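The values are calculated or read from the model by the stated rules, or taken from the named source; none is laboratory data. Everything numeric in this text was worked out from a predicted model, so none of it was measured. We place every Cβ from the backbone using ideal geometry, glycine too, and count neighbours over all the protein chains shown.
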Ligand code: WT7
């Protein structure tokens, strides 16, 4: 089944040619936002216009001021407002008489399903909040979660939100070392994890890895809660400070915990992300601004309505899942889907089977997934009824027009708008995208900045680029969902995001996301990708420095450079160039140890695609490794200027090595 040989054959000439698309009339008629005056409204009344987002929530006390710019760029939003995020995502929907509506619909990889109504979610969140309290978790204690896609993850997040304990979720695919680094950085004394989960039908031991991570935590860890996902499949023993989730919960049956009143600016959660240095940074997100922002963007961009079945097929371990599986959709009181497993298990129509079975209305995924679907062929989605779909979205990396059109045709049947949403861990929510009921769509170009978002593409001299020219994407006004700082590191917050373009003396603050972009006559922005040493592998952000330090940590490796090479499905893949120590042979055995070193330091997502051992790395006279050249070599491209190299001879040698295996 499935002729995935040539995606162009799967698209008719008509579609291949077309470069802009109007949103379908039937969609516009019912869209949450369908009037283009919204852009003007935001502009004329900024920043008061952002009250529209905050008004989607229930506040215990109203804010005095929308935006406080006094201590920029440490902005404050909805000053002195008070609210609780869990109350907004759960209780109020129960109170509004929708307690029997599904809040979370979960499907395990083996096919088992669970549905939590808002009432069920209310009960579980309360009981777990009581359990955490019982363990001694207090307001402002950071609780770490290292969990895969099981319902106990959002339950634990909401339980934390209820008692005002910020969470820090570490993606389940990250290694033990990565877990330890994040717990150390956040001084986190509590961990919620699980025994294991299923991957391609196999039971995977997760607790072993979590325990290894715990061994690397420098301070005392008070308590660990372990969800039993695998039962008989994986018998496990718990240490003295480790508690089985079900047993713990049975001691709190029927318990209710008053939602703690939080200031709008109180931290809701931390999310670690990769940057230019080897150390991940903890983006601090707040209760009022963040929750308002994700509720508003889920409503206006994803067109989420309470009666929808909405599915963002990302992992909650990344910001996409925080904002658009958990907080945005639940704040709006919709039904949010969760799937535990891989998209091609047991067959390549697994996702479409889930869409069909649950009559999913809205589907949001990453271009890397779409490129995999294209490879697998149109017959897989064609074998399922996808007519329930109303809107499609993508996020995480640039989408090439061919993949966009394939998605539009073969998943959306040319009747669903596609939103290509540019944003980052740091922005909290979407920033650049079309509004599906308002704008036309141009495949490959994300769209205009959202209402209220001041995005400009500029030259190093800060002048805006001419249409069609490449420059740097910048955001020139604050927005409610923005990170407030890098956790425990205000200096790094300034140096990473503001230093490049701001004029502190003139109190002019410009946020630089470190992406390159182009802009066209209509203000549509095409994001070209990172300009720093950060890779985007399958929509996941990986710092080259983190990978390099893992490689250099392998015995026998003297020096290493990591770059991204083009990859048909992953977008970018990890290429490692390594110099071996004298006396060490750069062979298969060392290659395996390098792979292992990277997987231990970060996780399988960072697994190198190619490892090239070389006696030297191309360096400039000042001793800087020329990564650009290494990238060109990885991609088999013609090499740019090599005249500034100290050692131009090494280039031929490396090129031959890359081509030969
Ligand atoms: C980086 C942020 C946003 C949640 C997932 C990734 C790239 C993201 C797009 C898009 C082109 C995109 C950027 C950005 N990116 N969305 N629609 N078009 N590039 O979050 O891990 O913080 O990565 O992903 O390079 O800076 P993240």
Practice prompt. Would you check if residue 598 is farther than 30 Å from residue 315 by Cβ and at pLDDT 95 or above?
Written response: no
Discussion item. Please count how many residues of the stretch 253-308 are free of Cβ contacts under 8 Å to residues at least 12 places away in the same chain and closer than 14 Å to residue 88 by Cβ.
Written reply: 0
Worksheet item: Do any helices (runs of 4 or more DSSP H) entirely within the stretch 327-398 hold 3 or more residues that are within 16 Å of the ligand (Cβ to nearest atom) and either touching a residue at least 40 places away in the same chain (Cβ under 8 Å) or crowded, with 23+ Cβ neighbours inside 10 Å (or both), and if so, which?
Response: 367-376
Worksheet item: Within the stretch 75-87, can one find any residue that is surrounded by fewer than 21 Cβ atoms within 10 Å (Cβ to Cβ), assigned to a strand (DSSP E or B) and over 24 Å from the mean Cα position of the chain (by Cα)?
Response: yes
Worksheet entry | Qualifying residue in the stretch 126-146 (condition: outside any helix (DSSP H, G or I), closer than 15 Å to residue 321 by Cβ and within 26 Å of the chain's Cα centre (by Cα)) | yes
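Pick out, from the stretch 403-480, the strands (runs of 3 or more DSSP E) lying fully within it that include 2 or more residues that are within 17 Å of residue 293 (Cα to Cα) and modelled with pLDDT under 95. Break it down stepwise before answering.
Numbers: elements: 418-421, 455-458, 470-475.
Once the strands (runs of 3 or more DSSP E) in the stretch 403-480 are filtered for at least 2 residues that are within 17 Å of residue 293 (Cα to Cα) and modelled with pLDDT under 95, nothing remains.
Residues checked against (1) over 27 Å from residue 19 (Cα atoms); (2) near the ligand (Cβ under 9 Å from one of its atoms):
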position	(1), (2)
509	yes, no
512	yes, no
515	no, yes
526	no, yes
530	no, yes
535	yes, no
538	no, no
549	yes, no
Item to complete: Check residue 188 against each of (1) in a helix (DSSP H, G or I); (2) more than 24 Å from residue 336 (Cβ to Cβ) and name the one condition it does not meet.
Response: (1)
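Scan the stretch 502-517 residue by residue and report those that are buried (at least 19 other Cβ atoms within 10 Å of the Cβ) and farther than 21 Å from residue 429 by Cα. Steps first, please.
Step one: filter the stretch 502-517 for residues buried (at least 19 other Cβ atoms within 10 Å of the Cβ), giving 502, 509-515, 517.
Hit for the stretch 502-517 is 502, nothing else.
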Worksheet, complete the sentence: With criteria (1) farther than 30 Å from residue 455 by Cα; (2) surrounded by 22 or more Cβ atoms within 10 Å (Cβ to Cβ), residue 134 comes up short on (2)
Worksheet item: residue 565 passes all but one of (1) within 12 Å of the ligand (Cβ to nearest atom); (2) in contact (Cβ under 8 Å) with a residue 60 or more places away in the chain; (3) in contact with a strand residue (DSSP E or B) (Cβ under 8 Å, 6 or more places away or on another chain); which number fails?
Response: (1)
Worksheet entry | Residues (in a helix (DSSP H, G or I), away from the ligand (no atom under 16 Å from the Cβ) and in contact (Cβ under 8 Å) with a residue 24 or more places away in the chain) located in the stretch 493-507 | 494
Worksheet item: Quick one: would you say residue 557 is surrounded by 20 or more Cβ atoms within 10 Å (Cβ to Cβ), under 29 Å from residue 373 (Cα atoms) and more than 16 Å from the ligand (Cβ to nearest atom)?
Response: no
Practice prompt. Please specify each residue of the stretch 420-442 satisfying the condition of being touching a helix residue (DSSP H, G or I) at 6+ places or on another chain (Cβ under 9 Å), more than 12 Å from the ligand (Cβ to nearest atom) and under 20 Å from residue 19 (Cβ atoms).
Written response: 435, 436, 438, 441, 442
Response to the item:
Given the conditions (1) assigned to a loop (DSSP other than H, G, I, E, B); (2) more than 12 Å from the ligand (Cβ to nearest atom); (3) on the phi < 0 side of the Ramachandran plot, every one holds for residue 293 apart from (1)
